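Just so it is clear, none of the values below were taken in a lab; they were calculated from the coordinates. On a predicted model such as this, the values are computed, not experimentally measured, just so you know. Note: ideal-geometry Cβ built from the backbone for every residue, glycine included; neighbour counts use all protein chains shown.
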Amino acid sequence: MNFSILQFPASNCDQDAVHAVRLLGHSARLVWHKDAALGDTDVVIVPGGFSYGDYLRCGAIARFSPVMQAVKQFADNGGLVLGVCNGFQVLTESHLLPGALIRNRDLQFHCENIFLKTATNDSPFTSKIPAGKILRVPIAHGEGCYFADEATLAKLKANNQILWQYCDANGNLTDTANPNGALQNIAGICNEKRNVAGLMPHPERACEPLLGSDDGKWILESIFAALKNKTVAQAA
Amino acid sequence: MKAKIIITPKKAVLDPQGKTVQTALEHMGYTGVTGVHIGKYIEIDLAPGTDKAAAHKALNDAAFKLLSNPVIEDYKLEIE
């Protein structure tokens, strides 16, 4: 399976994503922001960092890069796209995901491990996460407070689009477990078609025990499984 | 010619910067402050003789697509 990992000026989690995908046995390559085509691609990862220096708003400039036009087309055709941290911000700015990410409510940059509850296994990004498993993964962001207006939030809930929520070690969705003030403790969501997802935490930084947690691999394993099913379905 | 765009957070959106500044003003003894909202100010230089109506239309489009994020922000556009 071929992962295309985008590289914008000031992306800084691109190599981590390449490493994690290769570690788990799949192929990954970087795609430069000026490239207008993705090439042979099964999944796109929009990585973390500070694309274009976070100028104007996080992700605002990246939206208009040539590579994002190719990603939009790839997503419109049903391709899987995962945005991590700044990648999530890029996807909301690109209108591939609803809502927006604003300054953390305490105005602080949070760099720490948090706990995540998977709200639904019904997505290509969560299907392999063991039932009831609380994921321990790092966050590193200053603007990760998820916001959407009431109508959008109601739609997200009705369509089961909330994928991950911040929780405590026991899986309770408390306010103290919410690091940034996100509405409903939302850490990650998907689109209505369920082929585009974004989350503020960094699963790619938690794919091997050496790093303190390998819980992030469950998200990548879900993607691998979804692609495998797709390939089988196409062959049949 | 100059275009001036003022971008402010929507009322329903948390504005922790505004709240923090409001608290600081209260601590400093400034009374009667009922709200502080922190946004952005963008100045765009336009070539002399630019058609004002056309510029207004184009910049409205730019403000909606790039300069502001309509999900969380409102903007005001002036050309002078």
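Here the sum of -39500 (n - 2.57) over DSSP H runs of 4 or more residues, divided by the residues of chain B, equals -9000 deg cm²/dmol at 222 nm, to the nearest 500. Assuming charge only on the beta carbon of Lys and Arg (+1) and of Asp and Glu (-1), the dipole of the protein assembly as shown about its Cα centre is about 460 debye to the nearest 20. By the count of neighbouring beta-carbon atoms within 10 Å, fewest first, A:V90, A:V44 end up ordered A:V44, A:V90. Over the range B:2-79, what portion of Cα pair distances is larger than 21 Å, expressed as a whole percent? In whole percent, the long-distance tail amounts to 42.
Working note: Karplus 6.51/-1.76/1.60 with θ = phi - 60° gives the range A:61-69 the couplings 7, 4, 3, 9, 6, x, 5, 5, 5 Hz, where Gly and Pro are set to x. Peptide packing for B:11-22, A:185-196 was compared via the average number of neighbouring C-beta atoms within 10 Å per residue; ordered from the highest value, the list is A:185-196, B:11-22.
Taking a ≥ b ≥ c as the square roots of the eigenvalues of the Cα gyration tensor, the range A:2-235 is rounded, since a/c falls below 1.5. Sequence-ordered 3J(HN,Hα) estimates for the range A:131-147 from the Karplus curve with 6.51, -1.76 and 1.60 and θ = phi - 60° stand at 4, x, 5, 8, 8, 10, 9, x, 10, 7, 7, x, 10, x, 7, 6, 10 Hz, glycine and proline given as x.
When each of the peptides A:28-39, A:107-118, A:2-13 is scored by how many other beta carbons lie within 10 Å of its residues on average, the order from highest to lowest is A:2-13, A:107-118, A:28-39.
Which shape class, rounded, prolate or oblate, goes with the range A:59-137 when its Cα gyration tensor gives a ≥ b ≥ c as root eigenvalues, a/c under 1.5 marks rounded, and past that a/b bigger than b/c marks prolate? Verdict is oblate for the range A:59-137. Can you tell me which lysines have their Cα less than 28 Å from the Cα of A:K72? Leave out same-chain residues fewer than eight positions away. Candidates past the 8-residue exclusion: A:K34, A:K128, A:K155, A:K157, A:K193, A:K217, A:K228, A:K230, B:K10, B:K57, B:K65. Peptide B:13-20 is shielded by partner chain Cβ atoms: per residue, an average of 4 of them sit within 10 Å of its Cβ.
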